[in-house]
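The block underneath contains the structure these notes are about, expressed in structure tokens.
What follows draws every value from the coordinates through simple rules; no lab data is involved. The structure displayed is predicted, hence computed values, not measured ones. When we count neighbours, we look across all protein chains shown, and the Cβ atoms used for this are built from the backbone with ideal geometry, even at glycine.
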Amino acid sequence: MASAHHAHKRFSDKLAFVLNNPIKRWFYPPERLIAKFKIRPSDVVVDFGCGPGFYLTPLAKAAGRAIGIDVSTRMLERAASQAKKNKVTVEPMQSNGTDIKLPDACVDLIFLVHVLHEVEDKPTVLGEFRRILKPDGRVAIVEKTRPDRLLPSAFSPPIVDENEVVEDVQLAGFAFRKTIPNGKDSIIMFGM
């Protein structure tokens, strides 16, 4: 049975500074989260909903190929600029996820941080993930699953029910692997 979980309002481009700034990098180094995935230098990684590139740049340093997908061209421009400043190559791609311009079975890891709750057409987007993911590929979904007393709710993603995420993604044909607690977030891992 499909969950009653609905997409939330999309994060505003005007608040991009909240997503990628030196203070956030100091408190929440993106490399610390990325290290949990044991990315190989030959891996192809998609940062879906990459925003201004907070995770995309470190992913590009770890992987052989880093593709940043976002619905906002403005966010993609910021992500590309961030990568250029850090002397890494990224491939920005504008898409809402319903039609990802990548060949079948070409991606090792699809990475989403505080994004799945914003996706309006989850079945179609998750179907695209299945199409582009290699048979031994992984999907890592990071969502806020516990309250955060330090961050005002206007600048914080909504709290998401982990069970709903698992149900939605399993309905799309993925196999649940494990959940890794990560502060106020949960990293929910899936495979094919």
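Taking Rh as the Kirkwood radius computed over C-alpha pairs, what is the Stokes-Einstein D of the stretch 117-192 at 4 °C in a medium of viscosity 1.567 mPa s, expressed in µm² per second? After rounding, the answer is 98 µm²/s.
Overall form of the stretch 13-191: rounded. Here a/c, set by the Cα gyration tensor axes a ≥ b ≥ c, is under 1.5.
What pairs in K61/K101; K87/K122; K85/K178; K38/K84; K38/K184 have C-alpha atoms more than 31 Å from each other? Kindly include the intermediate steps, with their values, before the conclusion.
Working: K61/K101 23 Å; K87/K122 34 Å; K85/K178 35 Å; K38/K84 24 Å; K38/K184 22 Å.
K87/K122; K85/K178, as the Cα separations exceed 31 Å there.
Pop the C-beta distance of S156 and D104 into the FRET formula with R0 = 41 Å and round what comes out to the nearest 0.05. For S156 and D104, the calculated efficiency is 0.65.
Close amide-amide hydrogen proximity is noted between R177 and M189, F190, G191, each under 5 Å apart and 5 or more residues distant or on a separate chain (H modeled in the peptide plane; Pro and chain starts excluded).
Gain on full extension, evaluated as 0.36 nm per residue between K85 and T179 minus their Cα-Cα distance, stands at 30.5 nm. For the stretch 156-192, backbone nitrogen atoms closer than 15 Å to the point 7 Å from D121 Cα along Cα-to-C-beta are found at no residue. Count Lys and Arg as plus one, Asp and Glu as minus one, and take only other residues whose Cβ is under 13 Å from that of P181; the net charge is then +2.
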